[in-house]
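One structure below.
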Amino acid sequence: MSALTELQLKNAKPSADKPQYEIRDGKIAGLFVRISKEAKTFVLKYRFEGRPLRLTVGRYPDLSLLEARNKAQDARSQIAKGIDPQAVKKKEKQKLADRVDGLVKQFIDEECKGPKFEKTGVPLKTSWKNIKADLDHSKASLVESCGTRSIHHVTDADIASILKKVTAKRGPQAANNALKRMKAFFLWCRKPPRRLIAVSPCEGMDKPAEEASRERVVTDAELAAIRQGCDAVGYPYGNIVKLLMLTGQRRTEVAAMRWTELDLDAGNWEMPGDRTKNDEPTIIPLSTLALDILKAVPCLNDTFVFPARGNEESHFSGYSKCKKDLDKKALIDGKALENWTQHDLRRTLATNLGRRQVAPHIIEHILNHKAASMSAVAKIYNRYQYLDEKRQALQMWADHIQALASVPNSPLKDAA
């Protein structure tokens, strides 16, 4: 029988009376191509220890005819040596199923990209991209160090080595984050239905460094400089930072704001629980200054107020580069502002509202800390949103921010 050609293979189609049939290659003994409506599949028929068996070699055109012949010939060589190629394939498939890189990808795709993270006992309420960066992106990551190995062969010494590299390259705080995400990954591997490991290699491992609690409160002079810098930076990052300053919400909560969450006529921003750190929905009254900012934002995306550039399905996330640019443009006495973070604006709002005698529980509601500040019974019975009280407090703060603009670049005193 003549050898099969690429042209014959390309033109072969299932017919009405033959929805599935096989064509013999004629060059490699036992090699066939199964033609069906779904696919063209290379199959090797052989006998091993007296039993007739089939080995799926691959699909056309993912695998060319020449590549299929080479694979089939390799399989026949194994048979000649007394090795069952099907058993080898199953063993290799099992190895791939246990590999760290594949499991990390599965963990990110199934757990971290969903609307909710699995309750692993490890705080993971962050962007899946940040989790991927710690597990499978940087030069000092779990995948970089152990990606091709079986999950069963990763030891506590491997984890310690990774954390040492992260500390050297990106600092102790980054190492703490890396450990947190590795703990979550290995716990996911250990839990049912997977049960891949009995003990996590991160078990009992301490943080590489103690996390220092920041106490930085931005001064009035710095607030004025930041606001001027935001004007210079412009949309979208400048608008995001202004809203951080005015609302006291978290960075990703503002950056991932949806149009459906906003009622600009009523002056409210209603955030659902799946978008907040404590899973509690919240309503943030918008001051007149915040409303002016949002009404001026161009509608470039049907979902996100601040969409990612070139990706309509995601929101803005280019904080690092834009923050460096803002620092250069936020000037006090001609010098760039340093040593402040976006989260400091949240602490600054809370501190200044406290100075203005705003009740602590109102501040907690603005920050959406209300679940932590209430007893279980109080949470059930007190459903009051304190909208009027929150609106009054945030408008007072916005008026103060607005007043700072009239005295740019001056050493203003902190709010009394």
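The values are calculated or read from the model by the stated rules, or taken from the named source; none is laboratory data. As the structure is a computational prediction, the values presented were derived from the model and not from experiment. Methodologically, a virtual Cβ is constructed for each residue, glycine included, from the backbone with ideal geometry; neighbour enumeration extends over all protein chains shown. Calculation scope for accessible area: heavy atoms of the full protein, side chains included, ligands and nucleic acids excluded. Shrake-Rupley method; radii C 1.70, N 1.55, O 1.52, S 1.80 Å.
Observations on the structure shown:
- Lone unmet requirement of (1) in a loop (DSSP other than H, G, I, E, B); (2) open to solvent by less than 60 Å² (accessible area, probe 1.4 Å) for THR348: (1)
- Residue list for the stretch 244-288, restricted to those being among the aliphatic types (A, V, I, L, M), in contact with a helix residue (DSSP H, G or I) (Cβ under 7 Å, 6 or more places away or on another chain) and surrounded by fewer than 17 Cβ atoms within 10 Å (Cβ to Cβ): LEU264
- Considering the conditions (1) under 16 Å from GLY229 (Cα atoms); (2) of a type in the set (A, V, I, L, M, F, W, C); (3) modelled with pLDDT of 95 or more, LEU294 is excluded by exactly one of them, (1).
- Selection over the stretch 141-191 of residues that are under 17 Å from the mean Cα position of the chain (by Cα) and basic (Lys, Arg) gives a count of 3.
- Residue in the stretch 151-174 that is modelled with pLDDT under 90, open to solvent by 10 Å² or more (accessible area, probe 1.4 Å) and closer than 20 Å to LYS105 by Cα present: no
- Any chance LEU404 is surrounded by 15 or more Cβ atoms within 10 Å (Cβ to Cβ), closer than 29 Å to ASP333 by Cα and at pLDDT below 95: yes
- For the stretch 336-343, the criterion of being at pLDDT below 95, assigned to a helix (DSSP H, G or I) and open to solvent by less than 70 Å² (accessible area, probe 1.4 Å) is met by at least one residue.
- Residue among VAL218, VAL199 that is over 21 Å from the mean Cα position of the chain (by Cα), modelled with pLDDT of 90 or more, outside any helix (DSSP H, G or I) and within 26 Å of GLU111 (Cα to Cα): VAL199
- All conditions but one from (1) assigned to a helix (DSSP H, G or I); (2) more than 30 Å from HIS315 (Cα to Cα); (3) modelled with pLDDT of 90 or more apply to VAL88; the one that does not is (3).
- Qualifying positions in the stretch 209-231 - open to solvent by 60 Å² or more (accessible area, probe 1.4 Å) and farther than 15 Å from ILE401 by Cβ: GLU210, GLU211, ALA212, SER213, ARG214, GLU215
- Test set (1) under 17 Å from GLY102 (Cα atoms); (2) modelled with pLDDT under 90 - ASN177 fails condition number: (1)
Yes/no per residue for (1) charged (D, E, K, R); (2) part of a helix (DSSP H, G or I); (3) modelled with pLDDT of 80 or more; (4) open to solvent by less than 30 Å² (accessible area, probe 1.4 Å):
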residue: ILE79; (1), (2), (3), (4): no, yes, yes, no
residue: GLU92; (1), (2), (3), (4): yes, yes, no, no
residue: ILE108; (1), (2), (3), (4): no, yes, yes, yes
residue: PRO115; (1), (2), (3), (4): no, no, no, no
residue: GLU118; (1), (2), (3), (4): yes, no, no, no
residue: THR126; (1), (2), (3), (4): no, no, no, no
residue: LYS129; (1), (2), (3), (4): yes, yes, no, no
residue: ALA133; (1), (2), (3), (4): no, yes, no, no
residue: VAL143; (1), (2), (3), (4): no, yes, yes, yes
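- Checked against the criterion of being acidic (Asp, Glu), out of contact with any Pro (no Cβ under 8 Å at 6 or more places or on another chain) and either under 27 Å from ALA224 (Cα atoms) or crowded, with 17+ Cβ neighbours inside 10 Å (or both), the stretch 318-330 contains one or more residues that satisfy it.
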